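**Student:** The following block contains the structure, expressed as structure tokens.
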Amino acid sequence: MSNDSSNTNGKSRGIYLLPNLFTTAGLFSGFYAIVASMNERFVEAAVAIFIAMIFDGLDGRVARMTNTESDFGAEFDSMADIVSFGMAPALVMYNYALADLGKLGWLAAFIFVAGGALRLARFNTNLGSSDKRYFQGLAIPSAAAIVSGLVWVGSEYGIEGADIGGIAAVITICAGLLMVTNFRYHSFKDVDWKGKVSFLVILVIVLAFVVVATQPSLVLFSIFFLYALSGPIFTIKNVKKLKLEHVVGDDDDDDADFNQDGDTDKKAAKEEKKDD
């Protein structure tokens, strides 16, 4: 997303208000999650991160719809993302389940934060895949949803964090590492949101909302957990021979070789630095 404004002759500079309000709201939600977890209000902390995801999905779209994109907005969005989806989930999980693990606990939290920072840096510099249909590595909001979703499920079902510290550490570390892999994840950017659909599709959407509303913590965690698994499965299924470059690395000859026919897709183009 981008949102700063200046005219071509440089006489005036400014910041577009509307899209930056959404970015700031997402940043506030992430900060609130950290504070809430420090006070052991883990359900509120986890929900705040999911609310931040909603604002993160809106700010870029609002900027493009209102033609208020700019470099400032893109940078502000990245800074907000590392707080809301990097620091916040890691600290919420640390306060909930990792603190009792000692050094392993804070190392697991740091791996997640570092993975998120590297993921954002790689995305913003357009390294690796340029195919807008897929993300290279697990997107940081999705990784945050897995970590915070586990906290939400555990807190809602009365599970003490100390009882699942080992599982929490493994999931946190795996989520952090998946962000810096070359696994392909569907971005859903090729979905025609403006097109017409059948009545059955609307019915399915309504039923999906009903299912989520019944057990939001468990359903949302399950959805994002399965989405995280889809990357490795998609990679193994669609490459002729799995190589190290398919998992991690910056070999331009190989790290985009994930198309259905196994051929390298070299569509050279820079996509918008948003919707990560």
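The values are calculated or read from the model by the stated rules, or taken from the named source; none is laboratory data. Since we're looking at a predicted model, the values are computed, not measured. For neighbour counting, all protein chains shown are included, and Cβ atoms are generated from backbone atoms with ideal geometry for every residue, glycine included.
**Student:** Quick one: is residue 145 at pLDDT 90 or above and within 14 Å of the chain's Cα centre (by Cα)? Quick ask: steps written out before the conclusion?
**Tutor:** Numbers: at pLDDT 90 or above: yes; within 14 Å of the chain's Cα centre (by Cα): yes.
Yes: the conditions hold for residue 145.
**Student:** Right, another one. Might you check whether a residue that is out of contact with any Asp or Glu (no Cβ under 8 Å at 6 or more places or on another chain), surrounded by fewer than 24 Cβ atoms within 10 Å (Cβ to Cβ) and among the aliphatic types (A, V, I, L, M) occurs anywhere in the stretch 118-132?
**Tutor:** Scanning the stretch 118-132 turns up at least one residue that is out of contact with any Asp or Glu (no Cβ under 8 Å at 6 or more places or on another chain), surrounded by fewer than 24 Cβ atoms within 10 Å (Cβ to Cβ) and among the aliphatic types (A, V, I, L, M).
**Student:** Sticking with this structure for a sec: Checking residue 122 against (1) at pLDDT below 90; (2) touching a helix residue (DSSP H, G or I) at 6+ places or on another chain (Cβ under 7 Å): exactly one of these is not met. Which one?
**Tutor:** Here residue 122 meets the rest and fails (2).
Each row is one residue, and each column tells you yes or no for (1) buried (at least 20 other Cβ atoms within 10 Å of the Cβ); (2) under 18 Å from the mean Cα position of the chain (by Cα); (3) part of a helix (DSSP H, G or I).
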site: 23; (1), (2), (3): yes, yes, yes
site: 27; (1), (2), (3): yes, yes, yes
site: 31; (1), (2), (3): no, yes, yes
site: 36; (1), (2), (3): yes, no, yes
site: 46; (1), (2), (3): yes, yes, yes
site: 68; (1), (2), (3): yes, no, no
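**Student:** Kindly evaluate residue 154 against the criterion of being under 18 Å from residue 220 (Cα atoms) and of a type in the set (Gly, Ala, Ser). Quick ask: steps written out before the conclusion?
**Tutor:** Numbers: under 18 Å from residue 220 (Cα atoms): yes; of a type in the set (Gly, Ala, Ser): yes.
It is true that residue 154 is under 18 Å from residue 220 (Cα atoms) and of a type in the set (Gly, Ala, Ser).
**Student:** Could you tell me how many of the residues in the stretch 230-243 are surrounded by 12 or more Cβ atoms within 10 Å (Cβ to Cβ) and either assigned to a helix (DSSP H, G or I) or at pLDDT 90 or above (or both)?
**Tutor:** 7
**Student:** A further question on this structure: Would you please name the residue that is nearest to residue 82 (Cα to Cα), looking only at residues in the stretch 167-218 that are assigned to a loop (DSSP other than H, G, I, E, B) and of a type in the set (Lys, Arg)? It would help to see each step written out before you state the result.
**Tutor:** Looking only at the stretch 167-218, we keep the residues that are assigned to a loop (DSSP other than H, G, I, E, B), and these are 179-183, 187-198, 215.
Of the ones still in play, those that are also of a type in the set (Lys, Arg) are 189, 194, 196.
Values: 189: 22, 194: 31, 196: 36 Å.
My answer is 189.
**Student:** Also: Provide a single number: the residues in the stretch 135-174 that are buried (at least 18 other Cβ atoms within 10 Å of the Cβ) and aromatic (Phe, Trp, Tyr).
**Tutor:** Counting residues in the stretch 135-174 that are buried (at least 18 other Cβ atoms within 10 Å of the Cβ) and aromatic (Phe, Trp, Tyr) gives 2.
**Student:** Report whether or not residue 123 is within 30 Å of residue 65 (Cα to Cα), part of a helix (DSSP H, G or I) and in contact with a strand residue (DSSP E or B) (Cβ under 9 Å, 6 or more places away or on another chain).
**Tutor:** yes
**Student:** Taking the conditions exactly as written (closer than 20 Å to residue 89 by Cβ, at pLDDT 85 or above, under 18 Å from the mean Cα position of the chain (by Cα) and surrounded by 17 or more Cβ atoms within 10 Å (Cβ to Cβ)), does residue 110 satisfy them or not?
**Tutor:** Spelling it out, it is not the case that residue 110 is closer than 20 Å to residue 89 by Cβ, at pLDDT 85 or above, under 18 Å from the mean Cα position of the chain (by Cα) and surrounded by 17 or more Cβ atoms within 10 Å (Cβ to Cβ).
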